[in-house]
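Down below is the structure, laid out as structure tokens.
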Amino acid sequence: MNKILIIIQREYLSRVKKKSFLLLTFLTPILIAGIYAFMIWMMMKDDTEKRTIGVINESELVEPVQSKDYTTFEYLPNTSFEEAKKMLDTKGYYALLKIPKDIMESQSAELFSFKQVTMEVKSEAGSQIRNYIEGIKRSKIIAEANMPDLEQKLAETKTPISVKTIKFGEDGEVKESSTEIAMGLGFAMSFIIYMFIFMYGVQVMRGVIEEKSNRIIEVIISSVKPFQLMMGKIVGVAMVGLTQFLMWVILTGAIITIGSAIFLPGLDSETIQHASSVSDLQSAGQGINQAQLDMMHEVLGTFDMGYIFSILGAFVFFFLAGYLLYSALFAAVGSAVDNETETQQFMLPISLPLVLALYIGMAVAKNPEGSLAFWGSIIPLTSPIVMLVRIPYGVPVWELLLSMTLLVASFIFVTWVAAKIYRTGILMYGKKVSYKEIWKWLRYHR
Amino acid sequence: MAFFEAKNIIKQYAGHTALSGVSISVPEGSIFGLLGPNGAGKTTLIRIINQITGPDSGEIFFNGEPLKPEHVHHIGYLPEERGLYKKMKVGEQSIYLAQLKGMSKQDATAKLQAWFKKFDILEWWDKKVEELSKGMAQKIQFITTILHEPKLLIFDEPFSGFDPINANLLKKEILELRDKGCTIIFSTHNMGSVEEICDHIALIHKSEKILDGSFEDIKKQYRTHTYTISFNGELEKLKANLSDDIEIMEHQSGKEFESLKLKLNNGTSSNDLLSQILPHVELVSFNEIIPSMNDIFIRVVNEKNLSLDME
């Protein structure tokens, strides 16, 4: 068996068998599913809580708020504010709504309670009073104008506008696209790459330091070339990362599917009942409102298979190339120090472009066409992160090819430089290393 | 016949010279001591032999062939800075190291188990290295060094960190390997261990080789022709009868007998000395003072420093 394969195998297995790896791999999907479940629970819980609100109406308006859904308004005529305040306890009111005498002029009402009032109650009360007053004003105008059908004509002026975003494809084909989705997707992918580079780059560095501080390094490089050991470690750790990522995707998907089947059985049986026709399935609702349904159509419109594969391909490419570029640098840092506390002085030049890339990525998500976006996605140290933000918006082929070529070229160059530092650094024990010293190592020939 | 040869090796690092034209020739089936103070260039030379680093110039021959990457499979190396993966199991780790030396997994497993049985440490197989004591870990390291049956073995300060019992065991194993035909390079600054096992030595000091040869030859070369004698009788009478070529360096009077330290000059033999002593006093003991390797080492190094200072 090729020696580099033996090294990859050890690096991979020794990490995958660790308890911390297993824990992280299995707990994270549970955590994600848990957050997801919590959000659903919160949404369902909000809908069902019944609240009664006492109303002190000092104005001339007649019952401007009406009980609706789970919110009940109880009018307290001939009750002083102090008495009403006591009723918060005695009658179990959620809050007191005070509509002042001069509501038409002051345009404000007040909600009193012992704890923070929910947004829902506040907006419900506000919108009801507003509609009521608007109604009064409008009927007054209608009455004064003395025009038939005015009411209906006014109603006809209401025009809901929805803006669809449509993108011209390379071949002139018109595609419906969604800005929000492109933005979310691009940013999610670049963030995953950022996390991956950091987490596993540091693992490569730790592995190198471990070999150095264990003093096993000299035994190993009397059997294999330092470059083989370095690449074996980098590739082995990359495979650990890919394994973990894949496990997260599969496990999270599985937990959410199984969990929703168990905890949302109503939804499930309904789905089965109506599964005969797609339209029925949609009308069954599944708790999805019309807006979400529109969004789903939009998503499906945005993503034809070719688009998905090109994004996926670019993701895997920049994911791996970016990791390889940085992990070679992390390996070089690991070789230059004796323990992890000494790494700090060398970490800055590595983490700075990474963090910078993330910030550029955030700016680029808002403006994917500017010169910042262009240079950020061409320069190799930032391109793996910034390019991924741009890709869902569509990037000219020549820019993509230029970025990829530069990234591969700089990966080869950086690995070559890092290998030079590495093979000298791993044999230096107990020596405080400076940048000047590393510069010297670069000029050693084997 | 030389199994391993290095000719005129030069290695420079930015700022300093590690080896300036060092040549060594290691006879097949011998134990070759590579001696020198710390920082002399021993480790650099050993790293060059192991192809961890390359020389700037010079030629290296392994069993008659120029040194090639494949030769690492026939070299076993126990470095001075040595260790194991702490979190890895002993058996797994030994197999890994053997595979890196080109052995198959099956072959490595079988041979490892034989060695573990020999050292009676089979129960360590599934233990993690961090659970072992330092001496135990050293044993594992020794086994992994020699497992692939290398023709050339290189030990850099092998006894450091071993307790006397394990050091003795190690010494026994090293001699056994030599008797089986292995060629061994043994690097150390501990001269005591050299006297016991080395057949040949080379002394490296400040990047240069300053002494080289078989152990016996060097001992002969550095004879000081000094003797100690103890006797019963009158000192003055003996003194009066010794020739001018015999120099008295020290005198001690003990309770029972007198002792003298004598130096023989101008080719006077020990027999000449005896013939001059015996008629006059009763001889109790007669010993040649043979310089230890340590004495030779210090002497050669001092001479070298002196000549460097003169330049």
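Here are a few things to note about the model shown:
- Under 15 Å from the Cα of B:Lys209 - aspartates and glutamates, other chains or at least 8 residues apart: B:Glu5, B:Glu303
- Sorting the Cα pairs of the protein assembly as shown by distance into bins of 20 Å, from 0 upward, gives 12, 28, 24, 17, 11, 6, 2, 0, 0 percent per bin.
- Ranked A:Thr341, A:Thr118, A:Thr415, B:Thr144, criterion: other C-beta atoms within 10 Å, fewest first: A:Thr341, A:Thr118, A:Thr415, B:Thr144
- Share, in percent, of DSSP beta bridges within the protein assembly as shown that are antiparallel, nearest 5: 65 percent
- Region B:1-110: mean projected area of Cα convex hull, nm²: 8.8 nm²
- Cβ crowding within 10 Å ranks A:Thr257, A:Thr28 as A:Thr257, A:Thr28, fewest other Cβ atoms first.
- Highest-MSF residue in chain B out of B:Leu152, B:Leu132, B:Leu203 [GNM, Cα springs under 10 Å]: B:Leu132
- Across B:Leu242, B:Leu84, B:Leu45, mean-square fluctuation computed from a Gaussian network of chain B (C-alpha pairs under 10 Å connected) peaks at B:Leu242.
- In region B:224-288, Cα pairs under 8 Å separated by at least six residues give a relative contact order of 50 percent.
- For region A:48-153, DSSP calls about 30 percent of its internal beta bridges antiparallel.
- All Cα pairs of chain B, percent lying beyond 34 Å: 39 percent
- Computed from point charges on the beta carbon alone (+1 for Lys and Arg, -1 for Asp and Glu), the dipole magnitude for region B:49-172 about its Cα centre is near 500 Debye.
- Unsatisfied cross-links (Cα-Cα over 21 Å) in the set B:Lys87/B:Lys118; A:Lys233/B:Lys139; A:Lys17/B:Lys87; A:Lys212/B:Lys7: B:Lys87/B:Lys118; A:Lys233/B:Lys139; A:Lys212/B:Lys7
- Overall, region A:366-446 carries a charge dipole of about 680 debye about its Cα centre when +1 sits on the Cβ of Lys and Arg and -1 on the Cβ of Asp and Glu, all other atoms neutral.
- Stokes-Einstein diffusion for region A:54-140, with the hydrodynamic radius set to the Kirkwood value over Cα pairs and evaluated at 10 °C in a medium of 1.306 mPa s, equals 118 µm²/s.
- Highest-fluctuation residue, B:Ala240, B:Ala137, B:Ala167 considered, GNM on chain B with Cα pairs under 10 Å: B:Ala240
- For chain B: relative contact order, % (alpha-carbon pairs under 8 angstrom, 6 or more apart): 20 percent
- Calculated FRET value between A:Ala409 and B:Glu250, using beta carbons and R₀ = 56 Å, to 0.05: 0.15
- Subtracting the Cα-Cα distance of A:Glu437 and A:Lys18 from 0.36 nm times their residue separation leaves 147.3 nm of extension gain.
- Using the Stokes-Einstein relation with a Kirkwood hydrodynamic radius computed over Cα pairs, the translational diffusion coefficient of region B:112-229 at 37 °C and a viscosity of 0.692 mPa s comes to 198 µm²/s.
- Of the residues B:Met103, A:Met189, A:Met247, the one with the fewest other Cβ atoms within 10 Å heads the list, and the complete ranking is A:Met247, B:Met103, A:Met189.
- Farthest towards the positive end of the charge dipole of the protein assembly as shown, among the residues A:Leu13, B:Gly58, A:Asn339, is the Cα of B:Gly58, using unit charges on the Cβ of Lys, Arg, Asp and Glu.
- Taken about its Cα centre, the protein assembly as shown carries a charge dipole of roughly 440 debye when the Cβ of each Lys and Arg holds +1 and the Cβ of each Asp and Glu holds -1.
Taken together, the values in this text are just the output of simple stated rules run on the coordinates, not laboratory data. Keep in mind it's a predicted model, so treat the numbers as computed, not measured. Quick reminder, even Gly has a Cβ in these numbers, built from the backbone with ideal geometry, and neighbours come from all protein chains shown.
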